[in-house]
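The values are calculated or read from the model by the stated rules, or taken from the named source; none is laboratory data. Note that the structure is a prediction, hence the values are computed from the model and not measured. Heads up, the Cβs are rebuilt from the backbone with ideal geometry, glycines too, and the neighbour counts pull from every protein chain shown. Note: accessible area is taken over every heavy atom of the protein model, side chains too, but ligands, DNA and RNA are not part of it. Shrake-Rupley method; radii C 1.70, N 1.55, O 1.52, S 1.80 Å.
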Amino acid sequence: MPLEELILKFQKKDEKAFEHLYDMYSDSMLGAIYNIVRDHDVAQEVMQDVFIKAWHKSDTYSSKKGRFFTWMLNIARNAAIDKTRSKDFKTSKQNLNADFFVGILESEDNLDNKTDAIGIAKFVKKLAKKCIEVIELLYFKGYTQTEASEALDMPIGTIKTRNRNCIKELRNMVVK
């Protein structure tokens with residue numbers, strides 16, 4: 001059956017079309033979601049939600065705006081990002097702290113241990129504690145600036161300034 005016909009049946013809530021599209025796209029969607037959430041069980045859960053959401057919102061898809069796969073991929077990506085920003089995800093400690101990433105950089109089994117990922121580990125360690133806190137939240141845990149502001153109990157302007165200054169300091173250390 002041509003894809004266009006399958007999509008039309010899907011939009012008309014044909015369960016066989018749903019099953020066929022699920023078989024066609026579930027592995028790709030799971031891979032895209034897993035790359036964001038980094039947990040197989042969570043990725044499976046999000047993928048199920050993505051297909052249910054696509055089923056309920058199938059009338060919003062238009063071939064004039066793009067391919068069906070791209071439409072599904074956007075739903076999957078947005079759902080995965082939403083999941084990583086959810087309070088449940090953060091409190092379940094799915095996000096790793098900066099110590100984990102620094103350890104990877106120093107590990108002997110690192111695939112590229114000769115360059116030590118451009119030696120960034122030693123530079124991160126040299127930053128002030130206030131910089132490490134902000135960088136850990138924004139870059140390693142995926143917090144938004146607003147979320148970091150709340151977590152560190154400081155004004156958002158301070159977070160923005162500190163982030164800019166700390167990255168600038170890190171950049172100056174690396175470039176020298």
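Among the protein heavy atoms, those of MET173 account for about 40 Å² of accessible surface (1.4 Å probe, every chain in place). Thinking of segment 1-90 as a set of Cα atoms, what percent of all their pairs are more than 23 Å apart? The answer is 22 percent, as a whole percent.
Highest mean first, how do 75-83, 36-44, 61-69 rank when packing is the count of other Cβ atoms within 10 Å averaged over residues?
75-83, 36-44, 61-69
Pairs spanning more than 27 Å between alpha-carbon atoms, out of LYS83/LYS122; LYS12/LYS83; LYS129/LYS168: LYS83/LYS122; LYS12/LYS83. The tail of the calculated P(r) for segment 7-47, taken as Cα-Cα distances beyond 11 Å, holds 62 percent of the pairs.
At a 1.4 Å probe radius, carbon and sulfur cover how many percent of the accessible area of segment 1-95?
Summing carbon and sulfur atoms, their accessible area is 49 percent of the total for segment 1-95.
Across segment 152-159, computed HN-Hα scalar couplings (Karplus, 6.51 cos²θ - 1.76 cosθ + 1.60, θ = phi - 60°) run 8, 6, 9, x, 4, x, 5, 4 Hz from first to last residue, x flagging Gly and Pro.
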